[in-house]
1. Just checking, does region B:41-58 include any residue being more than 30 Å from B:His183 (Cβ to Cβ), in contact with a strand residue (DSSP E or B) (Cβ under 9 Å, 6 or more places away or on another chain) and not in a helix (DSSP H, G or I)?
2. Go through B:Gly172, B:Gly165, B:Gly139 for me and flag whichever is assigned to a loop (DSSP other than H, G, I, E, B) and either in contact (Cβ under 8 Å) with a residue 12 or more places away in the chain or of a type outside the set (Val, Ile, Thr) (or both).
3. List the residue pairs whose Cβ atoms are under 6 Å apart, where the first residue sits in region A:105-125 and is farther than 11 Å from A:Thr95 by Cβ, the second is surrounded by 18 or more Cβ atoms within 10 Å (Cβ to Cβ) and among the small types (Gly, Ala, Ser), and the two are 6 or more positions apart or on different chains.
4. Can you list residue pairs whose Cβ atoms sit under 7 Å apart, with the first residue in region B:1-13 being more than 7 Å from every other protein chain (Cβ to nearest Cβ) and at pLDDT 50 or above and the second being surrounded by fewer than 12 Cβ atoms within 10 Å (Cβ to Cβ) and part of a loop (DSSP other than H, G, I, E, B)? Count only pairs 6 or more apart in sequence or on different chains.
5. Just a yes or no: is a residue in region A:143-153 within 14 Å of another protein chain (Cβ to nearest Cβ), buried (at least 16 other Cβ atoms within 10 Å of the Cβ), of a type in the set (Ser, Thr, Tyr) and in contact with a strand residue (DSSP E or B) (Cβ under 7 Å, 6 or more places away or on another chain)?
6. What pairs come out if I take residues in region B:14-34 that are in contact (Cβ under 8 Å) with a residue 12 or more places away in the chain and pair them with residues that are among the acidic types (Asp, Glu) whose C-beta lies under 6 Å away, six or more apart or interchain?
7. Could you tell me which numbered condition B:Asp98 fails, if it satisfies all but one of (1) under 19 Å from B:Phe160 (Cβ atoms); (2) surrounded by 18 or more Cβ atoms within 10 Å (Cβ to Cβ)?
8. Within region B:79-91, identify whether any single residue is surrounded by fewer than 17 Cβ atoms within 10 Å (Cβ to Cβ), over 27 Å from B:Val120 (Cβ atoms) and not β-branched (Val, Ile, Thr), and answer yes or no.
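The values are calculated or read from the model by the stated rules, or taken from the named source; none is laboratory data. The shown structure was predicted, so the numbers you read here are calculated from the model rather than taken from an experiment. When we count neighbours, we look across all protein chains shown, and the Cβ atoms used for this are built from the backbone with ideal geometry, even at glycine.
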There are 2 protein chains.
Amino acid sequence: MDVDTREGPRIGDAFGAILMACLEAGTEPGRVREIVERDDGYLDSQDAANYFLPYERWDRLDHWLAGRVVGRVLDVGSGAGRAALRFQEEGRKVTALDISPLACEVCRRRGVDDVVKGTVFELPSSAVGLSYDTVLMLGNNLGLLESRRHARVLLEALDFVTQPGASILGRGVDPYITDNPAHLGYHRRNRVLGRMGGQIRIRVRHQDMATPYFDYLFATADELRSLVAKTRWVLDEYEVDEPTYAVVFKKR
Amino acid sequence: MDVDTREGPRIGDAFGAILMACLEAGTEPGRVREIVERDDGYLDSQDAANYFLPYERWDRLDHWLAGRVVGRVLDVGSGAGRAALRFQEEGRKVTALDISPLACEVCRRRGVDDVVKGTVFELPSSAVGLSYDTVLMLGNNLGLLESRRHARVLLEALDFVTQPGASILGRGVDPYITDNPAHLGYHRRNRVLGRMGGQIRIRVRHQDMATPYFDYLFATADELRSLVAKTRWVLDEYEVDEPTYAVVFKKR
């Protein structure tokens with residue numbers, strides 16, 4: 001205990017490194033973990049193989065959403081490309097979008113045709129010209145709404161790149177269905193800071209690497225309704241398997 | 001990215017909390033992970049169910065060591081008590097020793113008769129009076145030797161509580177069988193600091209809790225030979241499954 005604690009993890013594409021390690025390990029469960037650290041030090045992990053699940057092994061809510069995919073697809077936060085690959089195989093034109101360079105590389109190696117590294121705001125005009133019919137935010141990626149303010153900006157950007165009548169198909173988690181004191185305390189502290197209760201700040205860690213911290217939103221359906229209230233989007237359908245749910249936003 | 005990062009994990013018995021959570025979840029694999037953080041930020045994890053493995057599912061080297069257990073047994077760092085339970089069922093007198101209060105509670109709930117919370121230095125005189133014949137340091141617990149200096153002190157304490165001709169049966173890992181740059185860099189840095197290459201400083205993390213950092217030693221058999229050179233112990237037998245090994249120290 002008498003030597004200085006050393007520097008923390010180096011900052012890098014830990015998320016993409018996890019997906020690449022899992023791809024190179026054969027994508028079977030039990031090989032690579034995704035570890036997520038919240039900024040209060042709370043650690044959680046899941047099997048990285050979840051990012052590679054074939055369509056048959058998706059859960060009920062993903063299947064429910066999959067039946068609502070139409071036209072051209074924008075897969076926001078595409079990860080290892082499980083959704084992009086599925087809908088591409090259905091014959092659709094799909095753009096896989098991820099800010100992680102290595103996640104994009106994993107998508108390409110697995111055969112996704114159109115992969116864009118970046119955010120919705122950075123979509124090249126060629127992609128925007130496509131005007132998507134379906135936006136996917138699977139795997140809790142409604143979390144990419146981040147916060148009240150960012151949600152409005154992101155929903156506006158998604159309006160800009162989609163056709164009239166387009167849908168956003170998203171997955172989220174109700175953060176309040178918990179009795180874990182660490183989570184309940186985090187929600188309280190968020191509210192004191194003027195943040196939404198489930199507005200968590202997290203980073204992904206892999207070996208000696210961590211991503212920068214980023215905001216990720218866990219919200220109830222009611223909270224989502226309030227977030228989209230002044231946008232072009234309306235909460236159209238909602239299906240739940242507590243504590244997770246699937247939601248369909250329609251462009252009005 | 002505009003709000004202060006909050007405080008890190010709170011300090012507590014994260015190791016014991018993991019074992020208790022795994023016990024309460026039924027001890028099957030896939031429920032609870034043990035996450036270990038090295039002080040350079042390197043994260044690793046394993047299934048906590050490993051601490052509950054029944055004898056039939058122990059690995060080859062544990063079975064090899066189990067065949068060398070005689071007389072009264074001191075299980076140092078007993079964890080969830082898998083070894084203590086096994087040798088108690090064989091009819092032996094076993095003391096399970098662990099510094100984690102919750103690990104001790106898990107051992108008791110699982111039926112270990114003699115559980116002591118503490119270190120070898122804190123063994124009550126009643127236990128010392130037993131004068132053990134076999135000391136177990138399974139599950140990489142040769143790591144509890146910590147450092148050159150601590151190894152000598154601990155081996156002296158183990159001399160004090162054991163019979164003439166006693167054995168220490170231990171498991172360790174050769175840290176140098178790796179091509180991971182993060183590990184190789186850590187070894188180099190350790191040597192610069194005057195530490196042994198595999199003398200790692202780690203803490204166990206669970207949800208929002210972390211243990212204090214502690215030293216844990218990964219050493220080669222040659223390094224162990226040098227560590228015990230001026231003690232009453234001699235490296236008597238050695239069996240390897242790279243990168244792990246089992247070793248028997250005999251009291252001369």
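1. Restricting attention to region B:41-58, the residues satisfying the condition of being more than 30 Å from B:His183 (Cβ to Cβ) are B:54-56.
Cutting the leftovers down to in contact with a strand residue (DSSP E or B) (Cβ under 9 Å, 6 or more places away or on another chain) gives us none.
Within region B:41-58 (the criterion being more than 30 Å from B:His183 (Cβ to Cβ), in contact with a strand residue (DSSP E or B) (Cβ under 9 Å, 6 or more places away or on another chain) and not in a helix (DSSP H, G or I)), the answer is no, since none of the residues qualifies.
2. B:Gly139 is the lone residue from the list that is assigned to a loop (DSSP other than H, G, I, E, B) and either in contact (Cβ under 8 Å) with a residue 12 or more places away in the chain or of a type outside the set (Val, Ile, Thr) (or both).
3. Pairs that qualify, where the first residue is farther than 11 Å from A:Thr95 by Cβ and the partner is surrounded by 18 or more Cβ atoms within 10 Å (Cβ to Cβ) and among the small types (Gly, Ala, Ser), are A:Val106/A:Ala80; A:Arg110/A:Gly81.
4. Pairs that qualify, where the first residue is more than 7 Å from every other protein chain (Cβ to nearest Cβ) and at pLDDT 50 or above and the partner is surrounded by fewer than 12 Cβ atoms within 10 Å (Cβ to Cβ) and part of a loop (DSSP other than H, G, I, E, B), are B:Ile11/B:Pro212.
5. Yes: region A:143-153 contains one or more residues that are within 14 Å of another protein chain (Cβ to nearest Cβ), buried (at least 16 other Cβ atoms within 10 Å of the Cβ), of a type in the set (Ser, Thr, Tyr) and in contact with a strand residue (DSSP E or B) (Cβ under 7 Å, 6 or more places away or on another chain).
6. B:Ile18/B:Glu34; B:Pro29/B:Asp47
7. With respect to (1) under 19 Å from B:Phe160 (Cβ atoms); (2) surrounded by 18 or more Cβ atoms within 10 Å (Cβ to Cβ), B:Asp98 is out only on (1).
8. no
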